[in-house]
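Comments concern the structure below.
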Amino acid sequence: MTDRRNPPISSRKQPKQARSSGLVATILEAAAQVLAKEGAHRFTTARVAEKAGVSIGSLYQYFPNKAAILFRLQSDEWRQTTDLLREILEDTRHPPLARLRTLVHAFIHSECEEAAMRVALNDAAPLYRDAPEAREVKASGERTVQAFMREALPDAPEAVRVLAGDLITTTFGAVGKQFSERPRTHAEIEAYADAMADMFCAYLKGIQCA
């Protein structure tokens, strides 16, 4: 019997030609617009196909259901976040705490710029958050954070580094979401990011001195 609580979220096929890639890009752009306007609860494949100007059959060639489209949007967002993490945290030209401060500012700005989309994707999360594909995408970012923690806290026990990484990433998600729920000025974002970075840096310095 099919488990309706866990619909397939993998794309049916990967586009191999420029035309196919363009079609998928058009579908995803339309999906993002429908999601931002209608929200997760009114999001349907029919609305996406209509917005994209394609037949529902063409859409289903690449995405078996709405969960697959939403997961693709979410995984793209996760991938962008992971790339941001990697670009900043692996830049060894700067000391670890300076990198962490840069990441906080970049993350908070990103949260505020994309707040509407992220809220909608969060509402859609029950459709795919427990799927193996979702865990695999998120694991990449976790590995980047833990590698950074080994560099930032070389003398700390592994369990302490894991806890520190988990606490910081969890705080990023929770606090960033709450802060971006209403429009913010550039000055507000900068002040908030500075305070958040100060808190994280003080926390890691405390571990180093313990």
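The values are calculated or read from the model by the stated rules, or taken from the named source; none is laboratory data. What you see is a predicted model; the values in this text were computed from it and never measured. Here Cβ is always computed from backbone atoms with ideal geometry, including for glycine, and neighbour counts include all displayed protein chains. To get the accessible areas, we keep the full protein, side chains included, count just its heavy atoms, and leave off ligands, DNA and RNA. Shrake-Rupley method; radii C 1.70, N 1.55, O 1.52, S 1.80 Å.
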* Using the Cα centre as the reference, give the magnitude of the dipole from point charges on the C-beta atoms of the stretch 154-210 (Lys, Arg: +1; Asp, Glu: -1; all else neutral), rounded to the nearest 20 debye. => 120 debye
* Structure fact -> The percentage of the accessible area of the chain (probe 1.4 Å, all protein chains present) made up of carbon and sulfur atoms, to the nearest whole number, is 53 percent
* Find out how many positive minus negative residues lie around residue 39, taking Lys and Arg as positive, Asp and Glu as negative, among other residues whose Cβ is under 14 Å from that of residue 39. => +3
* Can you tell me how much longer the chain between residue 87 and residue 117 gets when fully stretched, taken as 0.36 nm per residue apart minus their C-alpha distance, in nm with one decimal? => 8.5 nm
* **Calculated SAXS-style log₁₀ I(q)/I(0) at q = 0.09, 0.11, 0.14 Å⁻¹ - the stretch 57-210, Debye, Cα scatterers** => -0.33, -0.48, -0.75
* Asked: Expressed as an acute angle from 0 to 90° and rounded to the nearest 10, what is the orientation of the C-alpha long axis of helix 66-89 relative to the principal long axis of the chain?
  -> 30 degrees
